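Asks: My structure is below; once you've seen it, I'll send some questions.
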Amino acid sequence: MIHIVPKPTDTPEDNSTGAVIRELERACARYRLLDLAAIDPLNSRLEQELIWVCGIRQDLHQFETLDVLSLSNRIINTPAAIATCASKVMTTALLMRHGVRTPETVYLSSEEQARDFLMRHGKVVYKPVYGYDGNGIRLVTEPGDLGPGPWYLQEYVPNDRDFRVFVLGGEAVGAITRISRGLMHNIHQGGIGMPVEIDDEMRAIAEVSAAVVGVDYCGVDLLCDREGYTVLEVNGTPNWHCMAAPIPKLLASYLVECERKMRA
Ligand SMILES: Nc1ncnc2c1ncn2[C@@H]1O[C@H](COP(=O)(O)OP(=O)(O)OP(=O)(O)O)[C@@H](O)[C@H]1O
Ligand SMILES: [Mg+2]
């Protein structure tokens, strides 16, 4: 039995959980939905089960519940990996530590240091540490526009598009580029996505990024400059909009296979 935590942002038109469930049904896999809000992790009786987290609310009870469930169940992605990906600071730290190319980034609570970083680069990108879908991301060129701290600031990398690579079980299986006229190319911000071939460099940097944050599967966001790809972030509960690769089918097979191995 595969226990599924549905994505809270699913809609009838854009239903990630439903797309994978359809594939599980095609494969005759047994599943049930798991409502984290209805579980007391200290009295759950869930043991040795496979739990797939399609998405999760940024909610303390749900995070703690998953963390406790991970003591005696196999959770995909692990709560630790989801938490790491949710934090842009932690993700950047792991990328830097493992020598994965990422734009120069600081996380500061001193306004003086934030101004120095801005002066040095002239143009920086401010991001909320736990942001998603491009919410709250701003280009900053004037010290007066830094806003309140602390500041996660990244050098601005000139570009007209970004890339999202879907990595599953250590392997890059699909990629899109997203193009827009604005700073952010996220589809939620009006970007247009289209499938692209996975080139060797893209494959290598996406696969190593997935490995350093420790996910089963993820979406790795990249920019490309003259020196090649650079990693913006790793999404631990990613969507797969506009991918040509059959992601729901691949994800369903991965879950079935993981469960089979657990029972073997
Ligand atoms: N350093 C940068 N230089 C230029 N553009 C950037 C930079 N960082 C982010 N952007 C633009 O903003 C977009 C969103 O940034 P990022 O992927 O880091 O966060 P996010 O979109 O909030 O997270 P998520 O993908 O989980 O929704 C990028 O896809 C890119 O278009
Ligand atoms: Mg992104």
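Asks: For residue 197 and residue 262, compute 0.36 nm times the residue count separating them, minus their Cα-Cα distance, and round to one decimal in nm.
Replies: Net length gain for the segment: 20.0 nm.
Asks: Sticking with this one: Assuming R0 = 45 Å, can you tell me the calculated FRET efficiency for the pair residue 104 and residue 28, based on Cβ-Cβ distance, to the nearest 0.05?
Replies: That gives a FRET efficiency of 0.35.
Asks: Let me ask something additional. Please give the helix 111-121 orientation as an angle from the longest Cα principal axis of the chain, in degrees from 0 to 90, rounded to the nearest 10.
Replies: Compared with the principal axis, the helix lies near 80 degrees.
Asks: Now for a different question. How large is ³J(HN,Hα), in whole Hz, for each residue of region 207-224 in order, when computed from phi with the Karplus curve 6.51 cos²θ - 1.76 cosθ + 1.60 and θ = phi - 60°, using x for Gly and Pro?
Replies: So the J values, rounded to whole Hz, are 5, 6, 5, 4, 5, 6, 8, x, 9, 6, 8, 6, x, 9, 8, 10, 10, 10.
Asks: Now a separate question. First check a/c for region 203-247, with a ≥ b ≥ c the square roots of the eigenvalues of its C-alpha gyration tensor; if it is under 1.5, answer rounded, and if not, answer prolate when a/b is larger than b/c or oblate otherwise.
Replies: Since a/c reaches 1.5 but b/c is at least a/b, the shape of region 203-247 is classed as oblate.
Asks: Next question. List the lysines whose Cα lies under 27 Å from the Cα of residue 127, skipping any in the same chain that are fewer than 8 positions away.
Replies: Result set, ordered by chain and number: 7, 88.
Asks: If one computes the Cα centroid of region 11-36 and of region 71-87, what distance in Å separates the two points?
Replies: The distance from the Cα centre of region 11-36 to that of region 71-87 comes to 20 Å.
Asks: Skipping prolines and chain starts, which residues have an amide H placed within reach, meaning under 5 Å, of the one on residue 39, given they are 5 or more residues away or on another chain?
Replies: none
Asks: To the nearest whole percent, what portion of all C-alpha pairs in region 105-155 is separated by more than 19 angstrom?
Replies: 13
Asks: Sticking with this one: Per DSSP H run of n ≥ 4, the term is -39500 (n - 2.57); total these for the chain, divide by its residue number, and report the mean residue ellipticity at 222 nm rounded to 500 deg cm²/dmol.
Replies: Value at 222 nm, helices only: -9500 deg cm²/dmol.
Asks: Does anyone have the angle between helix 16-26 and the longest principal axis of the chain? Alpha-carbon axes, 0 to 90°, nearest 10?
Replies: 30
Asks: Through the Karplus equation 6.51 cos²θ - 1.76 cosθ + 1.60, θ set to phi - 60°, convert the phi angles of region 182-199 into ³J(HN,Hα) values in whole Hz; use x for Gly and Pro.
Replies: Once rounded to whole Hz, the list reads x, 5, 9, 9, 3, 4, 5, 9, x, x, 9, x, 8, x, 10, 5, 8, 7.
Asks: Principal axis extents for region 159-235, Cα atoms only, whole Å, descending order, please.
Replies: Projected onto its principal axes, the Cα set of region 159-235 covers 33, 27, 20 Å.
Asks: Given H placed 1.01 Å from N in the peptide plane, which residues other than close sequence neighbours of residue 245 have an amide H under 5 Å from its amide H?
Replies: Answer set, sorted by chain and number: 175.
Asks: Using only the alpha carbons of the chain, determine the length spanned along each of the three principal axes and report them from longest to shortest in whole angstroms.
Replies: For the chain, the Cα extents along the three principal axes come out at 57, 41, 35 Å.
Asks: Using amide H atoms built in the peptide plane, which far-off residues or other-chain residues are under 5 Å from residue 235 H to H?
Replies: 219, 220, 221
Asks: Over region 159-235, what is the mean sequence separation of C-alpha contacts under 8 Å (at least six apart), divided by residue count, expressed as relative contact order in percent?
Replies: RCO, region 159-235: 33 percent.
Asks: Expressed as a fraction of 2.2 N^0.38 Å, the rule-of-thumb size for a compact globular protein of N residues, what is the C-alpha radius of gyration of region 1-114?
Replies: 1.32
Asks: Same structure, new question: What is the Cα centroid distance between region 94-110 and region 116-163, reported in whole angstrom?
Replies: Cα centroid of region 94-110 versus Cα centroid of region 116-163: 13 Å apart.
Asks: Hey, what did the chain get for relative contact order, percent, Cα under 8 Å, at least 6 apart?
Replies: It rounds to 20 percent for the chain.
Asks: Beta carbons within 10 angstrom, averaged per residue: use that to sort the peptides 38-49, 141-152, highest first.
Replies: 141-152, 38-49
No value in this document is a laboratory result; all are computed from the given coordinates. All of these numbers come straight from a predicted model, not from anything done at the bench. Positions of Cβ are generated from backbone atoms using ideal geometry, with glycine treated the same way; all protein chains shown enter the neighbour counts.
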